[in-house]
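The values are calculated or read from the model by the stated rules, or taken from the named source; none is laboratory data. The model shown is predicted, which means the values in this text are computed figures rather than measured ones. A quick note on method: Cβ atoms are made from the backbone with ideal geometry, for glycine too, and the neighbour counts reach across all protein chains shown.
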Amino acid sequence: MKKSCFLSLSIVAASLVLAGTSSAATFQDNFSTDPTGTGWRAFGDTSAFHWNSTSGAIDVAWDSTKPTGYFYHSLGTTLAIDDTFSLEFDLRLTDAEAVGFFQLSIGLFNISNATSSSFSRANAASPNLFEFDYYPDGGFGPSIDATLADSTVTATNTSHFYFAYDNLPLDPGTVYHIVLNHAAGAQLVAGTVLTNGSVYTTLPNSFPGPITDFRLDTVSISSYTSNDDPYGDSVLAHGSVDNVVVTFPPPPITTTTGGFSNGVWQVQFASRTNWVYSLQRTSDFQNWNDTSTGLTGTGAVLTLTDTNLPVGNAFYRVRAARP
């Protein structure tokens, strides 16, 4: 029987890149149109977020006395310690008050971790974070932080955080442009806060907790609950977020071709290091099965084959995953 084979160009775990070059890809949104139509989703306390169609921004109420809420968008890829990436956005606060020491946040996280019942920002059980945090003065002075947490952070292992910070306030009514950067292989995060194009702070201080590795796949405006805070800390702030830009490496699968060679179906593609690739096959787009063992990316062209072709039609895709 003649077999029909189709190669899917969609990429498991890396399917959305809004703009890209050979050296970097970019996710960006200025919220000029309703973000729910461009892939943004809300989790938890959805009342914390409102698209302002007049200003073209996301109005946010960070109220930690309520359950955790996220307004988030998938990056379509997974970032790790070996990647160079950055996050930037505009933040304008209307008001910000705190009791004790609690933060409002915008950043990157791992959606599976962040939506888990065991996740707790108040108790530092919050693995896989790369975020901007602002702590209004709740009796200890204000603090502007860039935070990086690795994959091993738990309620009983709370030290694997890196903070860059400055003890400065964010004034209500002022638009701040925040830029966070991570260099490939670095165990730290660098940050710059600007106003009207001038540097307000470069976050010169740091808490160098050990960082091993992390997995980030989502950008989020995050309103964390303090209902489980053991010290009774809380935050209440209102403001808006705009002009979100995330820059990261290109997708792990590019320049893909597929076809028969000597009666064997094979796929060739340009790979990236620190990714593992496998060829998957389906006949109904419901159940996908691996037809090859996983190959580690080398940065060069890889070839995956299916030497046991089924009777009838077959459809293929390449799966890329972080080890």
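Going by what's in this entry, would Ala320 be described as surrounded by 17 or more Cβ atoms within 10 Å (Cβ to Cβ), closer than 18 Å to Pro250 by Cβ, small (Gly, Ala, Ser) and within 29 Å of the chain's Cα centre (by Cα)?
Yes, satisfied.
For the condition in the same structural domain as Gly44 (by TED's automatic domain parsing), buried (at least 23 other Cβ atoms within 10 Å of the Cβ) and at pLDDT 95 or above, what is the one hit in Ala190, Ala125, Ala149, Ala183?
On the way: Ala190 fails: buried (at least 23 other Cβ atoms within 10 Å of the Cβ); Ala125 fails: buried (at least 23 other Cβ atoms within 10 Å of the Cβ); Ala183 fails: buried (at least 23 other Cβ atoms within 10 Å of the Cβ).
Within the list Ala190, Ala125, Ala149, Ala183, the selection yields Ala149.
Answer yes if at least one residue in the stretch 86-98 is touching a Ser or Thr at 6+ places or on another chain (Cβ under 9 Å), assigned to a loop (DSSP other than H, G, I, E, B) and either outside the structural domain of His238 (by TED's automatic domain parsing) or surrounded by fewer than 22 Cβ atoms within 10 Å (Cβ to Cβ) (or both), and no otherwise.
The answer is no; no qualifying residue exists.
Look at His73 and say whether it is free of Cβ contacts under 8 Å to residues at least 40 places away in the same chain, assigned to a strand (DSSP E or B) and either in the same structural domain as Thr158 (by TED's automatic domain parsing) or of a type in the set (A, V, I, L, M) (or both).
No.
Please find, among Gly69, Gly44, Gly39, Gly56, the residue that is buried (at least 17 other Cβ atoms within 10 Å of the Cβ), on the phi > 0 side of the Ramachandran plot and not polar (S, T, N, Q).
Step by step, each of Gly69, Gly44, Gly39, Gly56 is checked, and only Gly44 is buried (at least 17 other Cβ atoms within 10 Å of the Cβ), on the phi > 0 side of the Ramachandran plot and not polar (S, T, N, Q).
Pairs, please: C-beta under 6 Å, at least 6 apart or cross-chain, first residue over 30 Å from Asp82 (Cβ atoms) and in the stretch 249-265, second of a type in the set (Val, Ile, Thr)?
Val264/Thr305; Val264/Thr307
For the stretch 237-279, how many residues are within 19 Å of the chain's Cα centre (by Cα), in a strand (DSSP E or B) and among the aromatic types (Phe, Trp, Tyr)?
1
Quick check on my filter: what residues within the stretch 299-323 are assigned to a loop (DSSP other than H, G, I, E, B), under 17 Å from Gln266 (Cβ atoms) and small (Gly, Ala, Ser)?
Step one: list which residues in the stretch 299-323 are assigned to a loop (DSSP other than H, G, I, E, B), which gives 299-300, 307-313, 322-323.
Checking the rest, the ones that are also under 17 Å from Gln266 (Cβ atoms) come to 300, 307-310.
Result: Ala300, single match.
Of all residues in the stretch 128-183, how many are among the β-branched types (Val, Ile, Thr), part of a strand (DSSP E or B) and under 22 Å from Ser118 (Cβ atoms)?
Count: 2.
Of all residues in the stretch 280-298, which are within 30 Å of Asp213 (Cβ to Cβ) and part of a loop (DSSP other than H, G, I, E, B)?
Result: Trp288, Thr291, Ser292, Thr293, Gly294, Gly297, Thr298.
So Gly185 clears everything in (1) on the phi > 0 side of the Ramachandran plot; (2) among the small types (Gly, Ala, Ser); (3) over 22 Å from the mean Cα position of the chain (by Cα) except one condition, right? Which one?
Every listed condition holds for Gly185 apart from (3).
Against the conditions (1) under 16 Å from Asp228 (Cβ atoms); (2) in contact (Cβ under 8 Å) with a residue 24 or more places away in the chain, where does Ser116 fall short? Just the number, please.
(2) is the only condition that Ser116 fails.
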